[in-house]
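Visitor: Just dropping this structure here.
Just so it is clear, none of the values below were taken in a lab; they were calculated from the coordinates. This one's a predicted model, so the numbers in the text were calculated from it and none came from an experiment. Here Cβ is always computed from backbone atoms with ideal geometry, including for glycine, and neighbour counts include all displayed protein chains.
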Amino acid sequence: MKDNSYTELMKSSAMNKKKLKENYMLDLYIEMFLTEILLKAEKESLLARIDKAIDERNTENFYQLSEQFRDLSKRFGT
């Protein structure tokens, strides 16, 4: 077994901490990116359904979908 000096052990520990921090940040960015994609897709779907309700003059469906859109916007602060 190789004997590591105190300095080498400290360098190794610092590098491991740095890698863990970088991995955490990368995971956070990926999660934010995926959430944004899902939010955009859900908004587009709701808007298409709202447009269809308008075209069909379906006021009940329009109000229901509009409420869902408002809730979605409130939930994600958009």
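Visitor: Name the trypsin sites (Lys or Arg not before Pro) in segment 1-48 that are in a loop by DSSP and that have at most 15 other C-beta atoms within 10 Å, would you?
Guide: Lys2
Visitor: May I pose another question? Quick one: net charge of Phe76's neighbours, Cβ under 12 Å, K/R +1, D/E -1?
Guide: Around Phe76, the charge tally is +2.
Visitor: Using a cut-off of 14 Å between beta-carbons, work out the net charge of the residues near Met15 (Lys and Arg +1, Asp and Glu -1, Met15 not included).
Guide: +3
Visitor: From the helices alone, meaning DSSP H stretches of at least four residues, give me the mean residue ellipticity at 222 nm for the chain, per-run term -39500 (n - 2.57), in deg cm²/dmol to the nearest 500.
Guide: Value at 222 nm, helices only: -32000 deg cm²/dmol.
Visitor: Would you count, across the chain, every pair of lysines whose alpha carbons are under 19 angstrom apart, provided the pair is eight or more residues apart or spans two chains?
Guide: Going through the chain pair by pair, I get 7.
Visitor: Could you give each residue of segment 20-36 its phi-based ³J(HN,Hα) in whole Hz, using Karplus coefficients 6.51, -1.76, 1.60 with θ = phi - 60°, and x for Gly or Pro?
Guide: For segment 20-36, the Karplus-derived couplings read 4, 5, 5, 5, 4, 5, 4, 4, 5, 5, 5, 4, 5, 4, 5, 4, 4 Hz, x marking Gly and Pro.
Visitor: Over all directions, what mean area does the Cα convex hull of the chain project, stated in square nanometres?
Guide: The directionally averaged projection comes out at 7.8 nm².
Visitor: Next question, about the same structure. At a Förster radius of 22 Å, what calculated FRET efficiency corresponds to the Cβ-Cβ distance of Ala41 and Tyr63, to the nearest 0.05?
Guide: That gives a FRET efficiency of 0.45.
Visitor: For a Förster distance of 22 Å, can you work out the FRET efficiency between the beta-carbons of Glu8 and Met32, rounded to the nearest 0.05?
Guide: Efficiency at R0 = 22 Å is approximately 0.05.
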